[in-house]
Amino acid sequence: MPPRTAKDRKNPRLPPEVTRLLYVRNLPFSITSEDMYDLFGRYGAIRQIRIGCDKNTKGTGFVVFEDIYEAKEAVDHLSGFNIANRYLIVQYYQHAKMSKKLDLKKEEEEITKLQEKYGVSTKDK
């Protein structure tokens, strides 16, 4: 069956959170880019794949599809998919939400540093 175009779809409107960029968590540490292309490539043409390789990003990755509908198909079919005894978490990447989380994390780190510097503790004694 050939890939369907936007004109062929019954309901071409998608929710606003749907994007071509997917954020994937809970990846096996041993997964390769080739494995990711094999897995996600079943749902459409892939523009780019990035897999986290440092301590903080290991087990995560990004997949960029050429078509937004193909990205939606991948999310629908691969969320909860079991690979190497790990269930994938596949979400649409939301820059605003991710930057808020990073800002909050930085803020918490700054507060911790200031507390250590001035000997302040928030724990009840």
Legend entry - Contacts under 7 angstrom Cβ, first residue in the stretch 87-108 being within 17 Å of ILE49 (Cα to Cα), partner of a type in the set (Lys, Arg) and modelled with pLDDT of 80 or more, 6 or more apart: ILE89/ARG25
Legend entry - Restricting the stretch 93-125 to residues that are modelled with pLDDT under 80 and small (Gly, Ala, Ser), the residue that is surrounded by the most Cβ atoms within 10 Å (Cβ to Cβ): SER99
Legend entry - Extreme residue, nearest to GLU17 (Cα to Cα), among residues of the stretch 50-86 that are in contact with a strand residue (DSSP E or B) (Cβ under 7 Å, 6 or more places away or on another chain) and among the β-branched types (Val, Ile, Thr): VAL75
Inset, instruction - State which residue pairs qualify: first residue within 16 Å of ARG20 (Cβ to Cβ) and inside the stretch 33-49, second residue among the hydroxyl-bearing types (Ser, Thr, Tyr) in any location, beta carbons under 7 Å apart, and separation of 6 or more residues or different chains. - result: ILE46/TYR37; ILE49/SER33; ILE49/TYR37
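The values are calculated or read from the model by the stated rules, or taken from the named source; none is laboratory data. Because the structure is a prediction, the values reported are computed rather than measured. Glycine gets a Cβ as well: all are built from the backbone with ideal geometry, and neighbour counts include every protein chain shown.
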